Amino acid sequence: MQRTVTTPEGPVGVPSPDHEWTVLFFITEPGIGERVPELGGCTTGLCSARDEAARFARADARVLGVSAHAPGELAGFAAERALGYPLIGDKDLSLGRELGVPEVRAEGRALFERAGVVLDRTGAVRSLIHPVPDPERHAELVLEELARLTGEGGHD
């Protein structure tokens, strides 16, 4: 799989041509937990990836967030939280479906379930991390999977 996606920062290649790994953090929708509590935690999950930026960099992984929104719709959200990585708007869910990300219906529409996808340099899905029951551990679970894939195991 090779594709170019639109982000508020401009076009981004998926997978990243400049990194060994591309990690996609799929979220339902920031703030949805206030309306549908069982789907809450999107902001926490995205911030967990931000907070582990140095570990992702050491793993040569490009981090991207993905939600079922129009491209650029969450630019303000990303900027307010200084995520440090782009959020991809996948309004038609085509990227997520191509990668096998589970979906959930909420408020009359299809959204992504919380998941992590690890792509190698060729765009092959090397891991689909799902379910992610604890949003605070979203980044940690992906980092553990990257360590397993690279044979490095353990924690920093």
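The values are calculated or read from the model by the stated rules, or taken from the named source; none is laboratory data. Model, not experiment: these values are computed from the prediction. In this analysis, Cβ positions are derived from the backbone assuming ideal geometry, glycine residues included, and neighbour counts consider all displayed protein chains. Ligands, DNA and RNA are stripped out before the accessible areas are found, and what is left, the full protein with its side chains, is counted by its heavy atoms. Shrake-Rupley method; radii C 1.70, N 1.55, O 1.52, S 1.80 Å.
When only residues in segment 134-151 that are over 24 Å from Thr28 (Cβ atoms) and touching a residue at least 40 places away in the same chain (Cβ under 8 Å) count, which is least open to solvent (accessible area, probe 1.4 Å)?
Ala147
Looking at Thr43, is it surrounded by fewer than 22 Cβ atoms within 10 Å (Cβ to Cβ) and of a type outside the set (Phe, Trp, Tyr)? It would help to see each step written out before you state the result.
On the way: surrounded by fewer than 22 Cβ atoms within 10 Å (Cβ to Cβ): yes; of a type outside the set (Phe, Trp, Tyr): yes.
Against the criterion (surrounded by fewer than 22 Cβ atoms within 10 Å (Cβ to Cβ) and of a type outside the set (Phe, Trp, Tyr)), Thr43 qualifies.
Among the residues in segment 86-99, are any in contact (Cβ under 8 Å) with a residue 40 or more places away in the chain, farther than 24 Å from Thr122 by Cα and open to solvent by 30 Å² or more (accessible area, probe 1.4 Å)?
Within segment 86-99 (the criterion being in contact (Cβ under 8 Å) with a residue 40 or more places away in the chain, farther than 24 Å from Thr122 by Cα and open to solvent by 30 Å² or more (accessible area, probe 1.4 Å)), the answer is no, since none of the residues qualifies.
Which of the residues that make up segment 1-40 are among the aliphatic types (A, V, I, L, M) and either modelled with pLDDT of 90 or more or under 14 Å from Leu64 (Cβ atoms) (or both)?
Matches in segment 1-40: Met1, Val5, Val12, Val14, Val23, Leu24, Ile27.
So which residues in segment 80-114 are acidic (Asp, Glu), in a loop (DSSP other than H, G, I, E, B) and farther than 26 Å from Asp18 by Cβ, if there are any at all?
Passing the criteria: Asp92, Glu107, Glu113.
Here's a check for you: in segment 1-28, which residue that is in contact with a helix residue (DSSP H, G or I) (Cβ under 6 Å, 6 or more places away or on another chain) and outside any strand (DSSP E or B) is surrounded by the fewest Cβ atoms within 10 Å (Cβ to Cβ)?
My answer is Pro8.
Name, by its number, the condition in (1) of a type in the set (A, V, I, L, M, F, W, C); (2) in a helix (DSSP H, G or I); (3) out of contact with any helix residue (DSSP H, G or I) (no Cβ under 7 Å at 6 or more places or on another chain); (4) open to solvent by less than 10 Å² (accessible area, probe 1.4 Å) that does not hold for Phe77.
Condition (4) is where Phe77 drops out.
Which of the residues that make up segment 115-133 are part of a loop (DSSP other than H, G, I, E, B), hydrophobic (A, V, I, L, M, F, W, C) and without any contact (Cβ under 8 Å) to a residue 40 or more places away in the chain?
Listed by number, the list is empty, since nothing qualifies.
Every residue in segment 111-156 that is among the basic types (Lys, Arg) and under 15 Å from Cys47 (Cα atoms), please.
Matches in segment 111-156: Arg114, Arg137.
Residue under question is Leu74, and the condition is that it be modelled with pLDDT of 95 or more and either of a type in the set (D, E, K, R) or more than 11 Å from the chain's Cα centre (by Cα) (or both); does it hold?
Working: modelled with pLDDT of 95 or more: no; either of a type in the set (D, E, K, R) or more than 11 Å from the chain's Cα centre (by Cα) (or both): yes.
No, not satisfied.
Taking segment 54-74 on its own, how many of its residues are open to solvent by less than 20 Å² (accessible area, probe 1.4 Å), out of contact with any His (no Cβ under 8 Å at 6 or more places or on another chain) and not in a loop (DSSP other than H, G, I, E, B)?
As a first pass, look at segment 54-74 and keep what is open to solvent by less than 20 Å² (accessible area, probe 1.4 Å): 56, 61, 63-69.
In the following step, the residues that additionally are out of contact with any His (no Cβ under 8 Å at 6 or more places or on another chain) were identified as 56, 63-69.
Then drop every residue that is not not in a loop (DSSP other than H, G, I, E, B), which leaves 56, 63-67.
Counting residues in segment 54-74 that are open to solvent by less than 20 Å² (accessible area, probe 1.4 Å), out of contact with any His (no Cβ under 8 Å at 6 or more places or on another chain) and not in a loop (DSSP other than H, G, I, E, B) gives 6.
When only residues in segment 29-39 that are outside any helix (DSSP H, G or I) and either without any contact (Cβ under 8 Å) to a residue 40 or more places away in the chain or farther than 19 Å from Pro102 by Cβ (or both) count, which is most open to solvent (accessible area, probe 1.4 Å)? Give the steps one after another, and end with the answer.
Here is the first cut: in segment 29-39, the ones outside any helix (DSSP H, G or I) are 29-31, 35-36.
Now restrict to residues that are either without any contact (Cβ under 8 Å) to a residue 40 or more places away in the chain or farther than 19 Å from Pro102 by Cβ (or both): 31, 35.
Details: Gly31: 30, Arg35: 124 Å².
Only one residue fits best here, namely Arg35.
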